[in-house]
1. What helices (runs of 4 or more DSSP H) completely inside the range 46-136 contain at least 1 residues that are touching a strand residue (DSSP E or B) at 6+ places or on another chain (Cβ under 7 Å)?
2. Identify the single condition in (1) over 11 Å from the mean Cα position of the chain (by Cα); (2) exposed (fewer than 14 other Cβ atoms within 10 Å of the Cβ); (3) at pLDDT 95 or above that residue 87 does not satisfy, given that it satisfies every other one.
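The values are calculated or read from the model by the stated rules, or taken from the named source; none is laboratory data. As the structure is a prediction and not an experimental result, all values here were calculated from the model. Cβ placement follows ideal geometry from the backbone for every residue including glycine, while neighbour counts extend to all protein chains displayed.
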């Protein structure tokens, strides 16, 4: 009976680790999509996508920060997640981000945030299907 318990405990840890990796993959893809699809005037909106773990951050990036610098900082934060039940938040607290998402800029159609999330979710689902061999 102890052997069975040991195997199930080990399998549970493997599942937990796999879930956490999928969560981090999805968060990285969402963040990257948001950075690339956010309309650009000064670049400030792009550089203000901030990832955090456990609770959202209500801060703004340094005005001199670049989108890539912000993305790398977010990627580091996301990579630190070590539990599948730890929530990852990606926020942008600039007062005009909602207007941009509503289509204010001609550079991106309304709803670019939801499309970024949907695209990342589809990519993660597709990747998992391919890994299981269902995509062949």
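1. On the way: elements: 67-79, 97-101, 112-132.
Per the criteria, 67-79.
2. All conditions pass for residue 87, except number (1).
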